[in-house]
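Quick notes on the structure that follows.
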Amino acid sequence: MAVISVGLLILVVSYLQIKKLRQQKKKKDLYVFLGLMAIASYLSIGQLLNIYIPNPTNGLRMIFSPINTWLYQLMS
Amino acid sequence: MKEKISSIQLAFLVINFTIGSALIFLPSSIVNHSKQDGWISAILSSLIGAVFAFIIVSLIKRFPNKNFMEILEFLLGKWFGRLIGLFYSWFFIHLAALVLRNGVEFVKINFMPNTPMAVFSLAFGIIILYTSLSGIEVISRVNDIILPISLIGIWLTIILMLPIIEPDKISPILANGIKPILRGTYPALGFPFAELVIFTMIIPFVNKQKNITKIFVGSQLFAGITLFFIVLITIMVLNIYPTEISLFAPFNVARLISIGDFLSRLEILISMSFIISIGTKLTISFYAGTLAIAQVFQLMDYRSIIIPLVIITVSFSFLLEEDIAEVISFASTTWTPYSFLIGVLIPLLLLGISFIKNDKS
């Protein structure tokens, strides 16, 4: 149910927006919109269907938490 | 760039943004490290935060006719500048998702524990959709009205707390030397103050750029003082250990207000202020993220990409962390160096490069 409603929402919004952008002949805007909408539908529908989504938080943790530990060692 | 805001409106935005989610989450994160000296850490961090604000505003002031993405491209070259610009856009959207999550968790845990999180996320999502479609002028005009309400809520809570404070809770001062204070200052620098880098996207909208350094730094300091009083009152009323372990320490403090047996349950005042300032912080960071992406790709109108970005932000607010404990652990182990890199180191580097480039030409 949730998946269908989110999917319908995305389809309707994309249809209206693409029509508008093509009328105004904003090519670059159209491409960026399509790319972002693809990411958005992957994230939202993927989450509802429990598809694997790589979590950026893990990468950030891996890079920055050693620096954090090191800085705390400096201050203790 | 057609839209314009006045410098007073910028000051109001800075105050509301800096207080933002720090209003509720700052005391625990400071007191965790610096114990009864947390109030010194709060002062120290807002003073160092003023330096951060100064760096950001002087970088923008060197290029009066360019927006931040154009500055990046000018200083770092076309492709590398755009890459860093994308990194900044990601940071703004990430910040928006985290703030959204904080607000949702606050409402869910304290007021409506049985309602699913999606309800609040969607409500906040509709707010950011509507405000960012209306543009920065409307955001700042709304902020002019709601910031005084939020400040009245905060200061009224502080004043009503005065009968039950115990000033000896903050002694002994400097019992363990300077190092615990530094350790407490460090997360406070990353959490509200390094995030001020978002105003690189907002400052170019201000119509009179003349006194902007004074106004920007001054309003940051005003917010810092407010946060200082919040931390001080939390330590004096709750004592150290309860402040460390509670999720929403100032909210728990406000619960203790009871004047003459009939004026009680005034925690709603500070919740109101929190929802107002978190809404503004969310709106500003989302708006800045949208604008950053539009400027990186040189779109004609940022409004055409708002709807996918709202969906992305709301999904990220669910996806990034499992629960409130993970949110807080992320904020305490990863957020500070991450926001230091984006909010302080890169602007400082850009400022240096701009000086070198000026000397050559």
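Pop out the carbon and sulfur fraction of the accessible area of the protein assembly as shown as a percent, whole number, probe 1.4 Å. Let's see the in-between values first.
Values: 13370 of 19160 Å².
With neighbouring chains kept in place, the figure for the protein assembly as shown is 70 percent.
Just to make sure I understand: if all protein chains stay in place, what is the order of B:His94, B:His33 by accessible area at 1.4 Å, largest first?
B:His33, B:His94
Evaluate E = 1/(1 + (r/R0)^6) for A:Tyr42 and B:Leu133, where r is the Cβ-Cβ distance and R0 equals 22 Å; express this FRET efficiency to the nearest 0.05.
On the way: r = 24 Å, r/R0 = 1.08.
Rounded to the nearest 0.05, the efficiency is 0.40.
In Å, the Kirkwood hydrodynamic radius of segment A:14-56 over pairs of distinct alpha carbons? Walk me through the intermediate numbers first.
Numbers: mean 1/r = 0.0861 Å⁻¹.
It works out to 11.6 Å.
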Heavy-atom accessible surface buried between B and A, both sides counted, 1.4 angstrom probe, nearest 100 Å², is 3100
Loop only per DSSP, at most 16 neighbouring Cβ atoms within 10 Å: give me the trypsin sites (Lys or Arg not before Pro) in segment B:190-258, ordered by residue number.
B:Lys208, B:Lys210
Sequence of B:Arg303, B:Arg141 from largest to smallest accessible area, 1.4 Å probe
B:Arg141, B:Arg303
Which value, in Å² rounded to 10, gives the accessible area of A:Ser76 with a 1.4 Å probe and all protein chains present?
90
How tilted is helix A:2-24 with respect to the longest principal axis of chain A? Cα atoms for both, answer in degrees (0 to 90, nearest 10).
70
In the protein assembly as shown, if every C-alpha pair distance is counted and binned at 20 Å from zero, what percent goes to each bin?
25, 58, 17, 1
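Calculate, for B:Arg141 and B:Ser258, the FRET efficiency according to 1/(1 + (r/R0)^6) with r their C-beta to C-beta distance and R0 35 Å; round to the nearest 0.05. Present the calculation step by step, with values, prior to reporting the outcome.
On the way: r = 38 Å, r/R0 = 1.08.
Once rounded, the FRET efficiency stands at 0.40.
Rank these by accessible area, largest first, 1.4 Å probe: B:Lys281, B:Lys179. Intermediate results must be reported in sequence, preceding the final value.
Details: B:Lys281 0, B:Lys179 95 Å².
Correct descending sequence by accessible area is B:Lys179, B:Lys281.
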For chain B, modelled as a Gaussian network with Cα springs under 10 Å, which listed residue fluctuates most, B:Asn102, B:Asn207, B:Asn239?
B:Asn207
Convert each backbone phi in segment B:342-354 into a coupling constant with the Karplus relation 6.51 cos²θ - 1.76 cosθ + 1.60 (shift: θ = phi - 60°), then list the ³J(HN,Hα) values in order as whole Hz, x for Gly and Pro.
7, x, 10, 5, 5, x, 5, 4, 4, 4, x, 4, 5
Loop sites in chain A: trypsin sites (Lys or Arg not before Pro), DSSP, at most 12 other Cβ within 10 Å
A:Lys25
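Accessible area per residue of segment B:1-78 at 1.4 Å probe, in Å²?
Numbers: 2700 Å² over 78 residues.
With the other protein chains kept in place, segment B:1-78 gives 35 Å² per residue.
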Report ³J(HN,Hα) in whole Hz for each residue of segment B:273-283, in order, from the Karplus equation J = 6.51 cos²θ - 1.76 cosθ + 1.60 where θ = phi - 60°; Gly and Pro get x.
4, 5, 5, 4, 6, 5, x, 5, 4, 4, 4
What residues qualify as long-range amide H neighbours of B:Phe248, i.e. H under 5 Å apart, gap of 5 or more or another chain, H built at 1.01 Å from N?
none
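Measuring with a 1.4 Å probe in the full set of protein chains, what accessible area per residue, in whole Å², belongs to segment A:2-75? Please list the in-between numbers first.
On the way: 4860 Å² over 74 residues.
So segment A:2-75 comes to 66 Å² accessible per residue, rounded to a whole number.
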List the pairs from A:Lys20/B:Lys208; B:Lys2/B:Lys357; B:Lys78/B:Lys208; B:Lys4/B:Lys108; B:Lys2/B:Lys281; B:Lys2/B:Lys78 whose alpha-carbon separation is above 32 Å, in the order I gave them.
A:Lys20/B:Lys208; B:Lys4/B:Lys108
With a cap of 14 neighbouring Cβ atoms within 10 Å, and only residues DSSP puts in a loop, list the trypsin sites (Lys or Arg not before Pro) found in segment B:1-41.
B:Lys2, B:Lys4
For segment B:56-99, just list the percent of Cα-Cα distances falling in each 5 Å bin from zero outward, please.
6, 22, 23, 21, 18, 8, 2
Angle between the Cα long axis of helix B:136-161 and the longest principal axis of chain B, 0 to 90 degrees, nearest 10?
20
Compute the length gained on full extension between B:Asp168 and B:Gln209: take 0.36 nm times their separation in residues and subtract their Cα-Cα distance, giving the result in nm to one decimal.
10.2 nm
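What stretch of chain B, leaving out the sites themselves, is the longest with no GluC sites (Glu not before Pro) in a DSSP loop having at most 12 other Cβ atoms within 10 Å?
Working: sites that count: B:Glu3, B:Glu322.
With a cap of 12 other Cβ atoms within 10 Å, the longest stretch comes to B:4-321.
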Between B:Asn239 and B:Leu348, what's the calculated FRET efficiency when r is the beta-carbon distance and R0 is 30 Å? Round to 0.05.
0.15
For segment A:29-37, Karplus couplings with θ = phi - 60° (6.51, -1.76, 1.60), whole Hz, Gly/Pro x:
4, 4, 5, 4, 4, 5, x, 5, 5
Can you give the Kirkwood hydrodynamic radius for segment A:2-75, in Å, rounded to one decimal and based on Cα pairs?
15.4
Rounded to the nearest 10 degrees, the helix B:38-61 long axis (Cα) sits at an angle to the longest Cα principal axis of chain B of 10
Amide H contacts under 5 Å for B:Val206, placed H, 5+ residues apart
B:Ile5
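The values are calculated or read from the model by the stated rules, or taken from the named source; none is laboratory data. The model shown is predicted, which means the values in this text are computed figures rather than measured ones. FYI the Cβ positions are ideal-geometry reconstructions off the backbone, even for glycines, and counts take in every protein chain you see. Note: areas computed on protein heavy atoms with side chains; ligands, DNA, RNA excluded. Shrake-Rupley method; radii C 1.70, N 1.55, O 1.52, S 1.80 Å.
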